[in-house]
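Here's the structure, in structure tokens; my notes come after.
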Amino acid sequence: MAAASLTYRLPKDLKGRVRITSAGIRAWNGFAATVEAELAARLQGYEMGGHRSRTLDESLLRKSDLVICMEFDQKKYLITRYPGENSKIFTIGELADRKSSDIDDPYGSDIDVYKSTMSAIDEMLDLAESVIWDMARKNLKS
């Protein structure tokens, strides 16, 4: 859902130059988003129809310029497993300057939890998106 929100927010000067993808550390490969996730995103004007789940592996991590985790435990797992990549791994709360703000995975919950999760993601991205886009522009110049 965060990737859908970020894709919707992508500034014109970065379109076609930045690729936003979604992956999880506990995800199975190839599954469509849940009906609840698609509905929660669609209610905000975001599209998830082409979404397919995939596991974040070392290859994808190394190719990424920025990895945004929803929970601190996810970040901790990644920096422990891939210590050479820690400079690009952040929680959404860190980027929003809300360091202790985890967003729990709503998987298996009802639609109200998904809608609440989508709202929490949007709230954090409202605070973090300028930092994210500045990082993207800086990486493009490097």
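The values are calculated or read from the model by the stated rules, or taken from the named source; none is laboratory data. Everything quoted here is computed from the prediction, not taken from an experiment. Cβ sites come from the backbone with ideal geometry, for glycine too, and all protein chains shown count toward neighbours.
Taking interchain pairs and intrachain pairs at least six residues apart, which have beta carbon atoms under 8 angstrom, with the first residue in the stretch 8-25 and closer than 16 Å to Ile121 by Cα and the second part of a helix (DSSP H, G or I) and of a type in the set (D, E, K, R)? Listed by first residue and then by second, the contacts come to Arg9/Glu129.
Could you list all residues from the stretch 74-90 that are closer than 22 Å to Asp122 by Cβ and outside any strand (DSSP E or B)? Hits for the stretch 74-90 are Gln74, Lys75.
Given the criteria exposed (fewer than 15 other Cβ atoms within 10 Å of the Cβ), more than 12 Å from the chain's Cα centre (by Cα), modelled with pLDDT of 95 or more and of a type in the set (D, E, K, R), does Asp102 qualify? Criteria not met by Asp102. When the stretch 113-133 is filtered for residues that are among the acidic types (Asp, Glu) and under 21 Å from Ala32 (Cβ atoms), nothing remains.
Screening Tyr114 against (1) of a type in the set (Ser, Thr, Tyr); (2) farther than 19 Å from Tyr8 by Cα; (3) out of contact with any strand residue (DSSP E or B) (no Cβ under 7 Å at 6 or more places or on another chain); (4) surrounded by 19 or more Cβ atoms within 10 Å (Cβ to Cβ) leaves a single unmet condition, (2). Filtering the stretch 52-73 to residues that are crowded, with 19+ Cβ neighbours inside 10 Å and assigned to a loop (DSSP other than H, G, I, E, B) leaves Leu56, Met70.
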